[in-house]
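Chemist: Here it is: the structure, laid out below.
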Amino acid sequence: MMSWIDISQPLTNHIAHWPEDQPFIYETTVTKANSGSVNIGRITTSTHIGTHVDAPFHYDTDGRRILDLDINRYIGDCTVIDLSGYDAISAAALQSQLTERVERVLIKTSLPNNPEHFPENVPGVTRDGAEYLNSLGVKLIGVDTPSVDDISSKALEGHHALYEHDIYILENVMLDNVTPGNYELIALPLALKDADGSPVRAVIRPKGVVS
């Protein structure tokens, strides 16, 4: 029986975070020694830490929040492709690896997936790349980078282009050791009612495996 593959970045006190954003902090605020019964932890975090999803409210003040989104988008068949030879997630790059209809696509880029290092540049999704994904019926894109746009971008062209085609966004998946092909995906956000994003535990399993 093939096991599920965890493609999440572990949340630790050393995980990289967006410059000037809230870092992830876990601390034990109640100990069994002091309470006599339990240990209790507390986390302080950004909603865009590690492996996470974006809600449209993240880049559109009038956009939907996490609980407004269709949870079914985050569960189901997906295809993993390798675009590590390209410097942008463009239509041309996508056409080289993806030609059949698919609802979810996870993209391996040239960026080494190091959870403790925040990159200076990443290959972003172009407008024609989003249009091409839409033509194939894609409803969710996952990338192994902190953003679907260049780190310094203020216009966030990739985010907005994907939004125009109702394509959901999953970021910072770990694909360095994943073979391109067809998988099942589970990447559920937390039920954060008014949030602009959420950390997720993302896992994949090769297609055709019965549990």
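Chemist: Take region 153-172 and flag every residue that is among the β-branched types (Val, Ile, Thr) and within 12 Å of the chain's Cα centre (by Cα).
Modeler: Correct list: 169 only.
Chemist: Any idea which of (1) surrounded by fewer than 17 Cβ atoms within 10 Å (Cβ to Cβ); (2) of a type outside the set (Lys, Arg); (3) under 14 Å from residue 87 (Cβ atoms); (4) touching an Asp or Glu at 6+ places or on another chain (Cβ under 8 Å) is the one residue 112 doesn't satisfy?
Modeler: Among (1) surrounded by fewer than 17 Cβ atoms within 10 Å (Cβ to Cβ); (2) of a type outside the set (Lys, Arg); (3) under 14 Å from residue 87 (Cβ atoms); (4) touching an Asp or Glu at 6+ places or on another chain (Cβ under 8 Å), the lone unmet condition for residue 112 is (3).
Chemist: Can you give me the number of residues within region 43-67 that are buried (at least 18 other Cβ atoms within 10 Å of the Cβ), touching a Lys or Arg at 6+ places or on another chain (Cβ under 8 Å) and among the aliphatic types (A, V, I, L, M)?
Modeler: Number satisfying all stated conditions: 2.
Chemist: Next question. Condition (residue is of a type in the set (Gly, Ala, Ser), surrounded by fewer than 23 Cβ atoms within 10 Å (Cβ to Cβ) and modelled with pLDDT of 95 or more) applied to region 118-134: is it met by at least one residue?
Modeler: At the first step, the residues of region 118-134 found to be of a type in the set (Gly, Ala, Ser) are 124, 129-130.
Cutting the leftovers down to surrounded by fewer than 23 Cβ atoms within 10 Å (Cβ to Cβ) gives us none.
Within region 118-134, none of the residues are of a type in the set (Gly, Ala, Ser), surrounded by fewer than 23 Cβ atoms within 10 Å (Cβ to Cβ) and modelled with pLDDT of 95 or more.
Chemist: If you don't mind, there's one more thing I want to ask. Give me a count of the residues in region 116-144 that are in a loop (DSSP other than H, G, I, E, B), closer than 28 Å to residue 184 by Cβ and acidic (Asp, Glu).
Modeler: Residues that pass the stated criteria total 1.
Chemist: Another question, then. Only one of these conditions is not met by residue 63: (1) farther than 22 Å from residue 199 by Cα; (2) over 17 Å from the mean Cα position of the chain (by Cα); (3) not charged (D, E, K, R). Which number is it?
Modeler: (1)
Chemist: Of all residues in region 81-135, which are of a type in the set (Phe, Trp, Tyr), under 23 Å from residue 51 (Cα atoms) and in contact (Cβ under 8 Å) with a residue 40 or more places away in the chain?
Modeler: Residue satisfying the conditions is 118 alone.
The values are calculated or read from the model by the stated rules, or taken from the named source; none is laboratory data. Just so we're clear, the structure is a prediction, and the values are computed from it rather than from any experiment. Backbone-built Cβ (ideal geometry, glycine too); neighbour counts: all protein chains shown.
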